[in-house]
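For reference, the structure is listed below as structure tokens.
Bear in mind that the values in this text are calculations on the coordinates, not laboratory data. Computed from a predicted structure; not experimentally measured. Cβ placement follows ideal geometry from the backbone for every residue including glycine, while neighbour counts extend to all protein chains displayed.
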Amino acid sequence: MTSIPDIRLNNGQAIPQFGFGVFQIEPKDTAAAVSTALEAGYRHIDTAEMYGNEAEVGEAIARSGLDRGEVFVTSKLSNDAHEPDDARQAFEGTLKALGTEYVDLFLIHWPLPTRYGGDYVQTWRTLEEFYREGRARSVGVSNFQPHHLRRLHGETEIIPAVNQIETHPYLTQDEVRAFCAEHQIAVEGWSPLGKGGVLADPTIQSIAARAGKTPAQVVLRWHIQRGDIVFPKSVTPDRIRENIDIFDFELPATDVEDITLLNKNERTGPDPDKFAGR
Ligand code: NAD
């Protein structure tokens, strides 16, 4: 079976560098997709309260026969639950839906600087509680810009273990990645395939033809070689298996560079400085 490298987070916890994302998978299709992923060797699932499919993720893990400790599970706080008491209640809901006593990683999904009086610091302090209680083995953030991270750094105790940001060949996120590297915050890349939008790029297509791999495999391999953690989404069994089949080849440094040069600072999702979460 495929051997997926681990990344060591700043608190010593190991996270598989490659996993499976379940955003926009209908609840009715989620258990089957996660089961296919687990059978193919995935051991890291990325969900969120707002995806509405935590229960089905939990169901597939329970059904798999794997020990809970063998699967790394991430979930995220709803944008509607940033007030501390709401966050506590939402976190209970996440654990209950997943049918687990702990998550491996729990994230603030968006900083929402235009809501809650811009106070994502109090929300972060609530996640610190979950970490101290051991009910979140690691805590982190998502969609945080360097200035948001700097503020947490100055006003709170625990440095986020990860920052999950949109990144793909058309959005290389050099500034956020450099800040994270300097502060021992691991980068997780969401929409690693640009939601499929980068796969027709001629540079990626020609690198794929030369490597004897598919465009999706080349792009995912590029992320792995840059050191980011990624979890592409698919409901198609063949693609789920194709996406994990990237640990038997290496892109030459020149290919990595050519793909990085495709950057257009082009987001598929919202701007974190403006997004109000609904
Ligand atoms: P993605 O870049 O993983 O693209 C998924 C799409 O790419 C699929 O729907 C399919 O159309 C296509 N695709 C997948 N495999 C393919 C293949 N082998 N060949 C051809 N096409 C293929 O996009 P995503 O789902 O948005 O992102 C992945 C995960 O990141 C999500 O499931 C979720 O877990 C996470 N995410 C997080 C946030 C956040 O705000 N933190 C936002 C979006 C996504």
Which residues' amide hydrogens lie under 5 Å from the amide hydrogen of Gln164, considering only partners 5 or more residues apart or on another chain, with H built in the peptide plane? Val141, Ser142, Asn143, Phe144, Glu188
Any GluC sites (Glu not before Pro) in the range 231-278 that lie in a DSSP loop and have at most 15 other Cβ atoms within 10 Å would be Glu250, Glu266
How much net charge surrounds Pro237 when only other residues with a Cβ under 15 Å from its Cβ are counted (Lys, Arg +1; Asp, Glu -1)? -2
So what is the calculated 222 nm ellipticity per residue for the chain, using -39500 (n - 2.57) for each DSSP H run with n of 4 or more, over all residues, to the nearest 500 deg cm²/dmol? -12000 deg cm²/dmol
Can you compute 3J(HN,Hα) from phi for each residue in the range 156-165, using the Karplus curve 6.51 cos²θ - 1.76 cosθ + 1.60 with θ = phi - 60°, rounded to whole Hz and x for Gly and Pro? 9, 8, 9, 7, x, 6, 9, 10, 9, 10
Which residues in the range 47-82 place their backbone N less than 20 Å from a point set 7 Å from the Cα of Phe23 along the Cα-to-Cβ direction? 47-58, 72-82
Using θ = phi - 60° and the Karplus relation 6.51 cos²θ - 1.76 cosθ + 1.60, list the HN-Hα couplings for the range 263-269 in order, rounded to whole Hz, with x at every Gly or Pro. 3, 10, 6, 9, 7, 9, x
Stokes-Einstein D for the chain, Kirkwood Rh over Cα pairs, 25 °C, 0.890 mPa s (µm²/s): 130
FRET E, pair Glu70, Asp248, Förster distance 25 Å, beta-carbon r, rounded to 0.05: 0.65
Nonlocal amide H pairs with Asn10, under 5 Å, H built at 1.01 Å: Ala186
Whole angstrom only: what separates the Cα centroid of the range 1-36 from the Cα centroid of the range 184-217? 18
Simple spin-label model, 7 Å along Cα-to-Cβ: Ala200 to Glu155 in nm? 4.4
Taking a ≥ b ≥ c as the square roots of the Cα gyration tensor eigenvalues, with a/c under 1.5 meaning rounded and otherwise prolate when a/b beats b/c or oblate if not, the range 1-98 comes out oblate
Give, as a single signed number, the net charge of other residues whose beta carbon lies under 12 Å from the beta carbon of Thr214, with Lys and Arg counted +1 and Asp and Glu -1. +1
Taking +1 at the Cβ of each Lys and Arg and -1 at the Cβ of each Asp and Glu, which of Gln184, Val34, Thr74 sits farthest along the dipole of the chain towards its positive end, judged by Cα position relative to the Cα centre? Val34
Residues whose built amide H sits under 5 Å from the amide H of Leu107, excluding neighbours closer than 5 in sequence, are Ser75, Lys76, Leu77, Gly140
Ordered by number, the chymotrypsin sites (Phe, Trp or Tyr not before Pro) in the range 202-278 that occupy a DSSP loop and have at most 14 other Cβ atoms within 10 Å are Phe249
Which whole-Hz couplings ³J(HN,Hα) result when phi for each residue of the range 11-25 is put into the Karplus expression 6.51 cos²θ - 1.76 cosθ + 1.60, θ = phi - 60°, listed in order with x for Gly and Pro? 9, x, 6, 8, 10, x, 5, 10, x, 10, x, 10, 5, 6, 8
